[in-house]
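A quick write-up on the structure given underneath.
What follows draws every value from the coordinates through simple rules; no lab data is involved. Values in this document were obtained by computation on a predicted structure and should not be read as measured data. Note: ideal-geometry Cβ built from the backbone for every residue, glycine included; neighbour counts use all protein chains shown.
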Amino acid sequence: MSLKETLLRKINQREIVVGVVGLGYVGLPLAVEKAKAGYKTIGFDIQDRKVEMLNQGINYIGDVVDSELKELVEKGMLSATKDFSFIKDVDFIAIAVPTPLDAYQQPDISYVRDSTIAVAKYLRRGSMVVLESTTYPGTTEELILPLLEQGSGLKCGEDFYLAFSPERVDPGNILYKTKNTPKVVGGVGKDATEVIAAMYRNVLEGDIFEASSPRVAEMEKILENTYRNVNIGLINELAILCHKMNINIWEVIEAAKTKPFGFTPFYPGPGVGGHCIPLDPYYLSWKAREYGFHTSMIEASMMVNDRMPEYTVERAGRILNRFRKALNGAKVLILGVAYKGDIDDYRESPALRVIKEFEKVGSEIEYYDPFIGEYNEKGRIRKGLPELTAEKIQEADLVVITTNHTQGIDYNFVQQNAKYIFDTKNAMKDVANRENVELL
C-alpha cells in the first residue's frame, strides 16, 4: 500500500497515535478533541507544571471541560510528557507553540524552530506533521520542511506528510469551540492535504477547507486577524474624532448596525489584545519587506491601535483635571485586566499597558478582575483586589473600565459608589444613571 492509502486506513480505523507539541490555549483543546475522537494522544510540553497537571487530570484551560479531561486521562487516552523521544511512537504531530514578537517587534519563531528540531530527531516514516502556530507565509516550506528532512533523513511527500493548519481559538466564545470551528488545511502536495484533512474530519465537526498550499493557509490566517486589526484601527480613530466632535461613537455603531448588508460592527477600546490580533499584522509587514512591499494601510491601523493605551490615559487626565486633580498622585482603580470579557487570559492585554502608562505619570493603581486575581508580567507578580468593595471604589479618584466583563462586576454598584468612571468598553451601557460616566 502507498503512504496515502496506509494513513487513510489507519485514520479510519482509529489506529493513529496523536502527538500535540505545546499544551496551551491551542494545544490542550486540540489534544482533548483528538482523544475524544478515539485517538490515543500524547501531549508534549517543556513546562513541568502543565505536564504534571494534565497527567493528574487537572484542567488549566477555560475552554476545556474538566470532567472530559479527567476521564480521558483515567482511560489512558490522553497523557503528557517532556520527553520528545516518544515522538517515535506517534503518527500525527501537531505543533501548537507560541509565536510572539521579539523586542524589535519582529517575529520570534524560536519556539517553532526548536520544537521542529526536537520532532525531527525522532520522526519516523509514515508520519504526518502539522504546524498550527500562526506565522508568516512561507514558514512551513522554508523553515519546517528543511528542518524535518535534515533532522530525520526522511523525504517530505514520500516518507512523511507536512501541512499548515492554522488554529482558530477564541477563548470564552460560547458558540464556537475547537470542535465545531471550520478548519483550513494546506499541505505540501495534494496527497498531504487530502490525508491530513481526512484526519481533521474524523475529529472535528466543522467544515474542512483544503487549500492548495501551506502558503495559502498561512496567508489566510494572517488575513483573518489583519482584517480585524485594520477595522479596529478604523473604529478607534473614529472614536477619537467623535469625541472631539461631541458625538457618541457607540450610538453611531448601533445606528450603522441597522444596515442589513455591507457593514460589520467593530468596537473601540483601550487597544487590542490576545494571541493573534496584536501580533499577526507584524508578521505580515515583516515578511512583506522581503518583497520590497510596504503594507501602509495595515501599519497605519497598527499605529492607531498601539497608541490607544496612551490615549486612554490622556483622556483620564482630562477627566481628572475637571476635579482639579493631577494624574500624578491620583488613585486610579482599573476594572478588568483580561484582554476580552469573561475570560482569564491576559496575553497582550491593552489593560496592562494602560496600567503602565498610568504608573509612568505617577498614578497610584489598583485593579480588580473577577477572573484574574493576579498576573505575572516579566517576572513581576501583581495582585488584584480580592473583592470589589464600596470603600475601594469610593477611595478612587477615577475608575477606568478596560475590560467588558459581564460576570463578576455589578456596574450599578460601581456607578453608585464611584466619584467618576471612564468606561472604555461601554460595559455600563445598561446602567440607568450615567451622570458620573464618560465613554471612550
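If R₀ is 56 angstrom, what is the calculated FRET efficiency for the pair GLN394 and ARG14, using the beta carbon separation as r and rounding to 0.05? It comes to 0.40. Between ASP114 and GLU359, the contour length at 0.36 nm per residue exceeds the alpha carbon distance by 84.5 nm. Applying both filters, DSSP loop and at most 15 other Cβ atoms within 10 Å, to the GluC sites (Glu not before Pro) of region 128-185 gives GLU158. One decimal place: the segment LYS179-ARG124 gains 17.0 nm when fully extended, by the rule 0.36 nm per residue minus the C-alpha distance.
Across region 41-47, computed HN-Hα scalar couplings (Karplus, 6.51 cos²θ - 1.76 cosθ + 1.60, θ = phi - 60°) run 10, 10, x, 10, 7, 8, 8 Hz from first to last residue, x flagging Gly and Pro.
Rounded to the nearest whole Hz, the Karplus-based 3J(HN,Hα) values (6.51 cos²θ - 1.76 cosθ + 1.60, θ = phi - 60°) of region 392-399 follow the sequence 5, 5, 5, 5, 6, 6, 8, 9, with x at glycine and proline.
Calculate how many DSSP beta bridges within the chain are antiparallel, expressed in % of all such bridges and rounded to the nearest 5. Percent antiparallel among DSSP bridges in the chain is about 15.
Loop only per DSSP, at most 14 neighbouring Cβ atoms within 10 Å: give me the trypsin sites (Lys or Arg not before Pro) in region 62-148, ordered by residue number. For trypsin sites (Lys or Arg not before Pro) across region 62-148 that sit outside H, G, I, E and B with at most 14 neighbouring Cβ atoms in 10 Å, the list reads LYS75, LYS82, LYS121, ARG124, ARG125. Using the Cβ of THR295 as centre and a radius below 10 Å, the other residues enclosed give a net charge of +1, where K and R count +1 and D and E count -1.
With both labels modelled 7 Å from their Cα along Cα-to-Cβ, the TYR60 to GLU5 distance reads 4.5 nm. Comparing GLU391, GLU205, GLU237 in a Gaussian network model of the chain where C-alpha atoms under 10 Å apart are linked, the largest mean-square fluctuation is found at GLU391.
When the pairs LYS50/LYS425; LYS383/LYS425; LYS4/LYS40; LYS325/LYS360; LYS40/LYS88; LYS244/LYS429 are compared against a 25 Å limit on Cα-Cα distance, LYS50/LYS425 fall above it. Axis angle, to the nearest 10 degrees, between helix 27-36 and the longest C-alpha principal axis of the chain: 50 degrees. Between PRO370, PRO29, PRO260, the Gaussian network model of the chain with springs among Cα atoms under 10 angstrom shows the greatest mean-square fluctuation at PRO260.
Report the Cα centroid-to-centroid distance between region 370-440 and region 1-38 in angstrom, as an integer. When both Cα centres are located, 44 Å separates them. In this label model, ASN202 and ASN248 are separated by 5.6 nm, measuring between points 7 Å along each Cα→Cβ vector.
FRET efficiency for the pair GLN47 and LYS429, taken as 1/(1 + (r/R0)^6) with r the Cβ-Cβ distance and R0 = 41 Å, rounds to 0.55. For region 234-303, trypsin sites (Lys or Arg not before Pro) meeting the loop criterion (DSSP other than H, G, I, E, B) and having at most 14 other Cβ atoms within 10 Å: LYS257. FRET efficiency for the ASN436 to PHE261 pair, using the beta carbon distance and R₀ = 56 Å, is estimated at 0.90. Relative to the longest principal axis of the C-alpha atoms of the chain, give the angle of the C-alpha long axis of helix 296-322, reported between 0 and 90° and rounded to the nearest 10°. The angle comes out at about 30 degrees.
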